[in-house]
Amino acid sequence: MSPAGGSLPAGREPPADGSGTTRARCVLAPNPGPMTLDGTNTWLIAEPGSAVAVVVDPGPDDEAHLGRVRDLAAAAGQRISRILLTHAHLDHSAGAARLAELTGAPVLAADPTLRRGPGGGATLGSSTGGDGGLGPGDVLTDAGCELRVVASPGHTADSVCLLLPADGALLTGDTVLGRGTTVIAQDGSLADYLATLDRLRALADQQQLGTLLPGHGPLLADPAGVLDFYIAHRRERLAEIRAALAAGDRAGEQIVARVYADVDRSLWPFARWSVRAQLDYLASLGELPPGVSA
């Protein structure tokens, strides 16, 4: 996550806690910070009247937060049957093991090392083989409504989004944020991320999406517009990197200092991740001049 990446053209909305759609409710984790914005958005997903709920991104290993997630589901008459992870970063995944202990629910994730509990994929599409994976096109129906897995690598290699067709909503993890834009993490790829943004933009039209439910920050009511902004922003950043190279910058820290001059220096280490990803991308296009070091 990174406010260093840019800003959506909107004012500062209140935290997302308690907001959502008909079938998705946000439970905000108490871990605010420069890279987590107001905190991690944990999502409770359930069809109205369902006795079962699914949790997406339990957030940090914070006993009070995890207890609140469990208690909110119980107050709605719901048992938590599955815990889904959009990616491995600890601000999304660290609480998964403890929430699994509290609820008996298995943990499903694209990354096999994060999966927990028997039969994690039993109700998913056949491509998972019942192994607790979250593969492209898999469908989860535990909570009485469909959640469709949309692979979205880029921020990390294992990132997924989750489509909630009944609400015209997409849970985006860190692929799209409620404020700012996303850094490309050390295990991510800008080429993958650009392809993901294009796929999500097409999905916004195909599914007539009305809402993005991000992993941090407020809900976004204009998915097509937000994704257009993200795509344009990435193009602008690449143009800035090319300009820095043309000006003679060759070291990653020089490029960060030029391109991210208006960003708080405390965020420059994370900006460096994005610069490295952009240089790798330009190298794949054969555009990198000699002597460049990320």
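The values are calculated or read from the model by the stated rules, or taken from the named source; none is laboratory data. Quick caveat: nothing in here was measured; it's all calculated off a predicted structure. Virtual Cβ from ideal backbone geometry, glycine too; neighbours counted across all protein chains shown. Side chains are part of the model used for accessible areas, which takes the heavy atoms of the whole protein and leaves out ligands, DNA and RNA. Shrake-Rupley method; radii C 1.70, N 1.55, O 1.52, S 1.80 Å.
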Expected unfolding gain across LEU288-ALA157 under the 0.36 nm per residue rule, minus the alpha-carbon gap, is 44.8 nm
Given a 1.4 angstrom probe, I'd like the percentage of the accessible area of the stretch 184-294 that is carbon and sulfur, rounded to a whole number. 49
Using alpha carbons only, how many angstrom separate the centre of the stretch 27-55 from the centre of the stretch 179-209? 21
Measuring from a point 7 Å past the Cα of GLN186 along Cα-to-C-beta, which residues in the stretch 247-290 have an amide N at less than 11 Å? 273
Where both partners of a DSSP beta bridge lie in the stretch 39-112, what percent of those bridges are antiparallel, to the nearest 5? 30
Among THR22, LEU213, ALA191 the positive-end extreme of the charge dipole of the chain (Cβ point charges): ALA191
Quick numbers on the stretch 150-205, Rg and Dmax over C-alpha atoms in Å, give 10.9, 35
Any idea how far apart GLU236 and ALA64 come out in nm if each label point goes 7 Å out from Cα toward Cβ? 3.8
Apply 1/(1 + (r/R0)^6) to the Cβ-Cβ distance of VAL139 and GLN206, taking R0 = 22 Å, and write down the FRET efficiency to the nearest 0.05. 0.85
How would you classify the stretch 14-173 from its alpha-carbon gyration tensor, with a ≥ b ≥ c the square roots of the eigenvalues: rounded for a/c under 1.5, else prolate if a/b is greater than b/c, otherwise oblate? rounded
Run the helix sum for the chain: -39,500 (n - 2.57) per DSSP H stretch of 4+ residues, divided by residue count, reported at 222 nm to the nearest 500 deg cm²/dmol. -10000 deg cm²/dmol
Taking the chain on its own, what percent of its Cα-Cα pair distances exceed 27 Å? 38
Restricting the count to DSSP beta bridges whose residues both fall in the chain, what percent are antiparallel, rounded to a multiple of 5? 65
Quick calc: nm separation of the 7 Å Cα→Cβ label points for ASP262 and ALA195 -> 3.3
Rounded to two decimals, what ratio of Rg to Rh does the stretch 194-294 give with C-alpha atoms and a Kirkwood Rh? 1.05
Ranked by GNM mean-square fluctuation in the chain (Cα springs under 10 Å), the top entry among ARG115, ARG234, ARG250 is ARG250
Simple label model, 7 Å out from Cα along Cβ direction - ASP280 to ALA76, nm: 3.7
May I ask what percent, to the nearest 5, of DSSP beta bridges between residues of the stretch 159-255 are antiparallel? 50
